[in-house]
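One structure is given below, encoded as structure tokens.
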Amino acid sequence: MSNGDPKCELCHGRGALDLPPDENGIPRTQRCECVLIRDVVRNVERGWKKLIRAPVLNGPSPLTENEAKDLWVTASMGMLQTHLRHVAVRMGPDWGFKVVTDSDLMVAWLANASMKGERIFDPEAQAPVSQEVMTLVDLMDPPELLIIRLGVKSARNAAMNEVFLEALTHRAHAGKPTWIVDSPQQPLGEGHLCWSYAVSEFLVNWTRVNLGVSPEEFLANSFTPASDLSLTPTGNGANTGGTKRVTVPGIETPTTKDRWSKKKQ
Ligand SMILES: [Zn+2]
């Protein structure tokens, strides 16, 4: 167990709190709040850099409870970050989510191709491909939930939709959930670099979620602001393995319209 904050009044720097022994008399501990907050922040940053700095969502998110399902999300970058942050801080320090882009998939696929000595026709791959670049399988296999942001790849590559489909098929075969995220400006449809008839066929039964482009629009259409944002610890999944939903005091603060407005460009 990692060290806690020496000034913490709960654990005095130990980082752990004792729980009553289990039924076999084995002593148990759980992460102290001070460690939990730090570990959750680290995990959110691991999944997507700077995600922790996204504005706090003032209300529930339709992404919640869908962590184990395939989802087709349409959202602006800002709305995706706000909603994903909301989910990630509640899923706790051990949630294995990872956000990648269609461009990352392509780079990983190109790395495979280059290792096999194939000629590469991709303007974004003019620089030599490093052997350290992850292969497509390295990228797709580990995450508990893989989130693929579409529309980041800009240079045309005829293989993009095939690589995307390969990623989706691979995840489905492994029995692992995937969220794909397109934007209102660049919907996944005809003309999109990732689109093909085969892709649209694959996605035909996926649940779709529209988060819109701005908090105001989202709140106006979907939810009324929650009044129960007081967060108290309710068992934080320490020493139990696996992912548990948590509430993390200190990470979430009540938001106001002002906070949203400040964030808008
Ligand atoms: Zn502590």
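By counting other Cβ atoms within 10 Å of each Cβ, how are Asp141, Asp94, Asp102 ranked from fewest to most? Intermediate results must be reported in sequence, preceding the final value.
Details: Asp141 14, Asp94 17, Asp102 26.
If I rank by nearby Cβ atoms, fewest first, I get Asp141, Asp94, Asp102.
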What order do you get for Phe164, Phe202 when you list them from fewest to most C-beta neighbours inside 10 Å?
Phe202, Phe164
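Gain in length, Lys7 to Arg42, computed as 0.36 nm per residue apart minus the alpha-carbon separation, to one decimal in nm?
10.6 nm
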Hey, fewest Cβ within 10 Å first, where do Trp195, Trp95, Trp206 land in order?
Trp206, Trp195, Trp95
Can you list residues whose amide H is under 5 Å from Ala16's amide H, if they're 5+ apart or on another chain and H is modeled 1.01 Å from N?
Cys32
Can you work out the PRE-style zone for Asp138? Point 7 Å along Cα to Cβ, and I want the residues of segment 25-58 with backbone N under 18 Å.
47
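Assigning unit charges at the beta carbon (Lys, Arg +1; Asp, Glu -1) and nothing else, what dipole magnitude in debye, to the nearest 20, does segment 1-62 show about its Cα centre? Before the final figure, lay out each step's value.
On the way: 10 positive and 8 negative charges, 104 e Å.
Value, rounded to 20: 500 debye.
Where a number appears in this text, it was derived from the coordinates with a stated rule and is not lab data. Computed from a predicted model, the values in this text were never measured in an experiment. With ideal geometry, Cβ positions are generated from the backbone for all residues, glycine too; neighbour counts draw on all protein chains shown.
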